[in-house]
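**Q** Please see the structure below; I have some questions.
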Amino acid sequence: MSENINTNQEQVTSAWSIISLISGIANFVGFPFWGALVALITGYIGKSEIEKSHGRIGGERLANAGLVLGWIGIGLGLLTVCLGVLIFLGVFGGIAICGPLSALINSAQ
C-alpha cells in the first residue's frame, strides 16, 4: 500500500503572489512603470515558490493575475513612450520645417 502523507494543514497563500497582485493594481493607480516591474518580479517569484511547495502554498491565480497586470502595464508603458516620441518629433519637426531652420532644411534637399 502507498503511504498517504497528508498533514491536514491549511494551504497558506504566498505573500509574493499577494504583493504581485497589489503591485499590478498599483501600476494603474499611481505607480505606472514601477508597479508593473514589481508585479512581474514578485509574480514569477511567487509562482516558483508555489511550484516548489508541492501543494502547501497556494495563490497561483493571484500570481497569474499580477503577471497579467504587469505585462499589460509594461505594454501600455511602451506604447506611451512611442506615442510621446512621435508627438515630440511631430511638434519639433513642424517647427523646424516652418521656423527659422526651414532655409537650412530646404537647401539640403
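The values are calculated or read from the model by the stated rules, or taken from the named source; none is laboratory data. This one's a predicted model, so the numbers in the text were calculated from it and none came from an experiment. Using ideal geometry, Cβ is built from the backbone for each residue, glycine included, and neighbour counts are taken over all protein chains shown.
Residue-wise test of (1) closer than 22 Å to Thr80 by Cα; (2) at pLDDT below 95; (3) not in a helix (DSSP H, G or I).
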position: Ser2; (1), (2), (3): no, yes, yes
position: Asn8; (1), (2), (3): no, yes, yes
position: Phe28; (1), (2), (3): yes, yes, no
position: Phe33; (1), (2), (3): yes, yes, no
position: Val38; (1), (2), (3): yes, no, no
position: Tyr44; (1), (2), (3): no, no, no
position: Ala63; (1), (2), (3): no, no, no
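For every residue, the table says whether it meets (1) closer than 25 Å to Gln11 by Cα; (2) touching a residue at least 24 places away in the same chain (Cβ under 8 Å).
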| position | (1), (2) |
| --- | --- |
| Gly35 | no, yes |
| Tyr44 | yes, no |
| Glu51 | yes, no |
| Gly55 | yes, yes |
| Asn64 | yes, no |
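**Q** Now for a separate question. Between a first residue in the range 11-26 that is within 17 Å of Lys52 (Cβ to Cβ) and a second residue that is surrounded by 24 or more Cβ atoms within 10 Å (Cβ to Cβ) and not small (Gly, Ala, Ser), which pairs have beta carbons less than 6 Å apart while being 6 or more apart in sequence or on different chains?
**A** Trp16/Thr42; Ser20/Thr42
**Q** A further question on this structure: Yes or no: the range 47-59 includes at least one residue that is outside any loop (DSSP other than H, G, I, E, B), buried (at least 16 other Cβ atoms within 10 Å of the Cβ) and of a type in the set (Lys, Arg).
**A** Yes, the range 47-59 contains a residue that is outside any loop (DSSP other than H, G, I, E, B), buried (at least 16 other Cβ atoms within 10 Å of the Cβ) and of a type in the set (Lys, Arg).
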